Amino acid sequence: MSANLGVMIVVLIIWLGVFVYLLRLDKKVKELERK
Amino acid sequence: MWWKILTGVLIGAVVIAVFLMPPPQKELGDISRIFFFHVPVAWVTVLAFLVAMVNSILYLSRKNPVYDLQAAISSQLGFLFAILATVSGAIFAKNAWGSFWNWDPRETSVFILLLIYGAYLALRSAIEAEDRRANLSAVYSILAFITVPFLVFVVPRVFQSLHPTDTIVNSQIKFQMPPLLLFIFLGSLLGFSLLFFWIYNLEVKLNILYKKAKEVNPAR
């Protein structure tokens, strides 16, 4: 169970990184479109 | 914006649910959890190649270069998701069958699919004239998609395969998963599909912006 928890935390951190990157990129694209 | 937040929450919730619940198949143990990522990623591969084909048809009928751009981006993403499905499948194969690659019909068919769409990307990069590239790759993309249903759905069911075929639906095309697993699985399918459309949308917009910037300043 604890090994699963460790893998879950690693996968969640990776996903959070990808998600935040996409949100920031989305914001940047919107800014560029407005210019 | 709301659907982007939904994508984040959905995939996050799927990750938590998949790792906290007992393994979906007791005989296979923890490795069976990969099913909730492997199948949605494979599904997105088919979805991306379908989007590429639809855009290719639209390009040939309307000759709008945006459709060509959309077809190219969708094919690139489909190729990327096909690699992810192959890698996650190989991890499953190592744990369930003893080796990463067995030339099982399912593995062979995804390998052929990667070759077909790899050739599409090579074709695009080999032709410099924009019109010619767009026309040829649109025709190729439509022909390539005809093979997808055969390679993904038919071949692994016609030939004897180690790959499980009745995990989601049985031979009567009825869902046979317990409700909780089905709920998590459908959540994962939706989450990965939304993720695909998000990345696709971003890439299309970025490429259009890049082209506009290049028109204004060709030195860039």
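Miscellaneous remarks
- Restricting B:Ala71, B:Ala42, B:Ala82 to those that are small (Gly, Ala, Ser), free of Cβ contacts under 8 Å to residues at least 60 places away in the same chain, crowded, with 17+ Cβ neighbours inside 10 Å and within 21 Å of B:Leu151 (Cα to Cα) reduces the list to B:Ala82.
- The stretch B:1-39 - residue that is closer than 15 Å to A:Asn4 by Cβ and of a type in the set (Gly, Ala, Ser) and, of those, surrounded by the fewest Cβ atoms within 10 Å (Cβ to Cβ): B:Gly29
- For the stretch A:1-25, taking the residues that are more than 14 Å from B:Phe37 (Cβ to Cβ) and in contact with a Phe, Trp or Tyr (Cβ under 8 Å, 6 or more places away or on another chain), the one that is modelled with the highest pLDDT is identified as A:Leu22.
- Scanning the stretch B:59-81 for residues that are within 20 Å of the chain's Cα centre (by Cα) and over 14 Å from B:Leu121 (Cα atoms) yields B:Tyr67, B:Phe81.
- Scanning the stretch A:15-27 for residues that are within 9 Å of chain B (Cβ to nearest Cβ) and of a type in the set (D, E, K, R) gives a single hit, A:Asp26.
- Count of the stretch B:186-212 residues which are buried (at least 16 other Cβ atoms within 10 Å of the Cβ), over 16 Å from the mean Cα position of the chain (by Cα) and more than 11 Å from chain A (Cβ to nearest Cβ): 1
The values are calculated or read from the model by the stated rules, or taken from the named source; none is laboratory data. Because the structure is predicted, anything quoted here is derived from the model rather than measured. Backbone-built Cβ (ideal geometry, glycine too); neighbour counts: all protein chains shown.
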